[in-house]
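Have a look at the structure below before the remarks.
The values are calculated or read from the model by the stated rules, or taken from the named source; none is laboratory data. Source: prediction; values computed, not measured. Cβ sites come from the backbone with ideal geometry, for glycine too, and all protein chains shown count toward neighbours. Accessible surface areas use protein heavy atoms only, side chains included; no ligands, DNA or RNA. Shrake-Rupley method; radii C 1.70, N 1.55, O 1.52, S 1.80 Å.
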Amino acid sequence: MRTTVKCPACNKEIIMQVTCPECGFNIEIFEKAKRISFYLYNKGLEEFNEGKILDSVETLEKSLYFYKNNTVARN
């Protein structure tokens, strides 16, 4: 079974490739940025639970810097 994903830039289906053959978008870097964003979201949530409110706000802003569509970090 082949794994297909959709290119976030042009929405074309891609089969097991690092870059989109249609637009040249680097999917690997995009996925890494998303992972970093969710890591920072979890770190910000921990800081909030520890009472470090200002630190958590900064961390959540960094999370959005890496992936602006991270709606949980935005909210």
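Quick look at the numbers
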| item | result |
| --- | --- |
| Low-density loop cleavage sites - GluC sites (Glu not before Pro) in the stretch 16-75, where at most 12 other Cβ are within 10 Å (DSSP) | GLU50 |
| Full-stretch length increase - LYS32, LYS6 - with 0.36 nm per residue and alpha-carbon distance subtracted | 7.8 nm |
| Lysines whose Cα lies under 17 Å from that of LYS32, excluding same-chain neighbours fewer than 8 positions away | LYS6, LYS43, LYS62, LYS68 |
| The chain: calculated mean residue ellipticity at 222 nm from DSSP helix runs of at least 4, using -39500 (n - 2.57) | -17500 deg cm²/dmol |
| Angle between the chain longest axis and helix 53-66 axis [Cα atoms, degrees, rounded to 10] | 10 |
| Average accessible area per residue (Å²) across the chain - probe 1.4 Å, nucleic acids and ligands excluded | 78 |
| Residues with amide H under 5 Å from that of THR19, placed H, sequence gap 5 or more | ILE27 |
| Positive-end residue of SER37, ILE14, GLY51, charge dipole of the chain with Cβ unit charges | ILE14 |
| Selected from LYS32, LYS12, LYS62 as most flexible by GNM, with the chain as the system and alpha-carbon contacts under 10 Å | LYS12 |
| Helix 27-49 vs. the chain, principal-axis angle (Cα, 0 to 90°, nearest 10) | 20 |
| Accessible carbon and sulfur surface of the stretch 5-55 relative to its total accessible area, %, 1.4 Å | 55 |
| Those aspartates and glutamates that a straight Cα-Cα span of less than 18 Å connects to LYS12, excepting residues fewer than 8 apart in one chain | GLU22, GLU28, GLU31 |
| The stretch 2-75 - Rg (one decimal) and Dmax (whole number), Cα, Å | 15.3, 47 |
| Spin-label pair CYS23/LEU54, simplified geometry with 7 Å Cα→Cβ offset, distance in nm | 4.0 |
